[in-house]
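The values are calculated or read from the model by the stated rules, or taken from the named source; none is laboratory data. Please read all numbers here as calculations on a predicted model, not as lab measurements. Note that each Cβ is placed from the backbone with ideal geometry, even for glycine, and that neighbours are counted across all protein chains shown.
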Amino acid sequence: MTTAPSSRPLDGITVVSLEHAIAAPFCTRQLADLGARVIKIERPGTGDFARGYDERVKGLASHFVWTNRSKESLSLDLKQDEAGEILDALLGKADVLVQNLAPGAAARLGLSFEALHEHFPRLIVCDISGYGEGGPYQDKKAYDLLIQSEGGFLSITGGAGDDEMAKAGCSIADIAAGMYAYSNILSALLLRERTGEGSHIDLSMLESLVEWMGYPLYYAFDGATPPPRAGAAHATIYPYGPFPVGDGGTVMLGLQNEREWRLFCDKVLRRPELADDERFDGNSKRSAQREMLRAIILDCFAALSTEEVIARLEAAPIANARVNDMQGVWEHPQLQARQRWSEVGSPSGVLPALLPPGRNSAFTPRMAPIPALGEHSEALLGELGYAPAEVARLRDASVI
């Protein structure tokens, strides 16, 4: 039996999210992609502060466009008593509450799991914070770059000099937290199918990023020297990284084992004798002698074009890649051949959007518009039984 394309895994699931910035919005966007109804609670007048990060996408903020499609926006001032009544009514019909407010803010609003579970026993509550509940850092504010620093990521990323550390070019700590929140919510929904009870997810950005740091942590196990910062090259495997070529381009290549090293010497460098050179006959030796080996590789590549180097690497075969800029990614032939670009609506018109990774034969992901601030407030309150006159009064009182 084939599921109709319009039937999605999370159809019928309602998510209420008190979210801003990246981690929680990225999590809930994944849920919306799978069919969940996501109601985004935003502060009247300003909304999610990520709306104001820039104006790069037809006047909209790039971060916001990326993480907020397929949601409904309800503007609500949670500090007003009537807003609490509206939120309670929403939670009575919801399956999941996600929040990444400042540390302690949700609890002060009466939205701790303990308080909510008594009234909404099936509700799953996902709290996303910088450092998690408990411990000396519980109340410490956290942003992506700060977690990259605390989690050790900056210590292994960037150039070799002590002053050459570099952050990731995208919000890696937020993304890690968002994806772990997403997978934890999916598992909590499965668990509720068996137990009938909601559960509490306490998700920290620090733990999410440190999980991704497993390799460098174990490499530095028991006081051993950590992997050095190596720019765009691999810290401990060589040759693995970017190499300039004769036409001014750059080719990224990667060798993983001794068989590939022999192929590289024979088919790419066309110096098969190097395969048994005592200076390079093992990855540890090649890594230790990387400057000497790099000079040999660059001498070969200097006489070749980017296409010629890639042709040799493909024929070997040795893993390789072009170093694309953003325009190169927009135009990437593989994404176009696999028809991975779709379109979504927005307050500024139709925008391109990458389909969610993972193509499932049973359903198509939801690709609905990015909401304007408070766009769905009246409709949502109408669903909760508020008459138009009451909605107008709430708006006049700045509750919504």
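For residue 236, the test of being touching a helix residue (DSSP H, G or I) at 6+ places or on another chain (Cβ under 7 Å), without any contact (Cβ under 8 Å) to a residue 60 or more places away in the chain and hydroxyl-bearing (Ser, Thr, Tyr) is passed. Contact map, the stretch 259-284: first residue free of Cβ contacts under 8 Å to residues at least 24 places away in the same chain and small (Gly, Ala, Ser), second residue surrounded by fewer than 16 Cβ atoms within 10 Å (Cβ to Cβ) and in a loop (DSSP other than H, G, I, E, B), Cβ cut-off under 8 Å, separation 6 or more or different chains; pairs are 275/281.
Under the condition of being among the hydroxyl-bearing types (Ser, Thr, Tyr) and either surrounded by fewer than 16 Cβ atoms within 10 Å (Cβ to Cβ) or closer than 24 Å to residue 112 by Cβ (or both), the residues counted in the stretch 151-200 number 6.
Residue-by-condition table, conditions (1) in contact with a helix residue (DSSP H, G or I) (Cβ under 9 Å, 6 or more places away or on another chain); (2) modelled with pLDDT of 95 or more; (3) closer than 21 Å to residue 159 by Cβ:
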site: 231; (1), (2), (3): no, no, yes
site: 268; (1), (2), (3): yes, yes, no
site: 272; (1), (2), (3): yes, yes, no
site: 293; (1), (2), (3): yes, yes, yes
site: 325; (1), (2), (3): no, no, yes
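Residues that are in contact (Cβ under 8 Å) with a residue 40 or more places away in the chain and under 30 Å from residue 151 (Cα atoms) do occur in the stretch 240-248, at least one of them.
So which residues in the stretch 24-57 are assigned to a helix (DSSP H, G or I), more than 25 Å from residue 360 (Cβ to Cβ), in contact (Cβ under 8 Å) with a residue 12 or more places away in the chain and not basic (Lys, Arg)?
Residues satisfying the conditions are 49, 50.
Please go through the stretch 233-262 and give me each residue that is assigned to a loop (DSSP other than H, G, I, E, B) and more than 20 Å from residue 157 (Cβ to Cβ), ordered by number.
245, 246, 247, 248, 249, 255, 256, 257
Counting residues in the stretch 263-276 that are among the small types (Gly, Ala, Ser), outside the structural domain of residue 165 (by TED's automatic domain parsing) and not in a strand (DSSP E or B) gives one or more. Only one entry in 127, 162 is acidic (Asp, Glu) and either within 28 Å of residue 96 (Cα to Cα) or outside the structural domain of residue 107 (by TED's automatic domain parsing) (or both), namely 127.
Could you identify the single residue in 133, 114, 150 that is among the charged types (D, E, K, R) and free of Cβ contacts under 8 Å to residues at least 24 places away in the same chain? It would help to see each step written out before you state the result.
On the way: 133 fails: free of Cβ contacts under 8 Å to residues at least 24 places away in the same chain; 150 fails: free of Cβ contacts under 8 Å to residues at least 24 places away in the same chain.
Going through 133, 114, 150 in turn, the sole match is 114.
Close contacts from the stretch 157-184, counting a first residue that is assigned to a helix (DSSP H, G or I) and a second that is exposed (fewer than 13 other Cβ atoms within 10 Å of the Cβ), with Cβ to Cβ under 8 Å and a gap of 6+ residues or different chains, come to 176/211; 180/211.
In this structure, does residue 229 turn out to be touching a residue at least 24 places away in the same chain (Cβ under 8 Å), over 14 Å from residue 314 (Cα atoms) and surrounded by fewer than 16 Cβ atoms within 10 Å (Cβ to Cβ)? So residue 229 does not fit the description; no.
Note on the stretch 119-150: residues that are part of a loop (DSSP other than H, G, I, E, B) and touching a Lys or Arg at 6+ places or on another chain (Cβ under 8 Å) total 3. Each residue in the stretch 124-150 was checked for being crowded, with 16+ Cβ neighbours inside 10 Å and on the phi > 0 side of the Ramachandran plot, and 1 pass.
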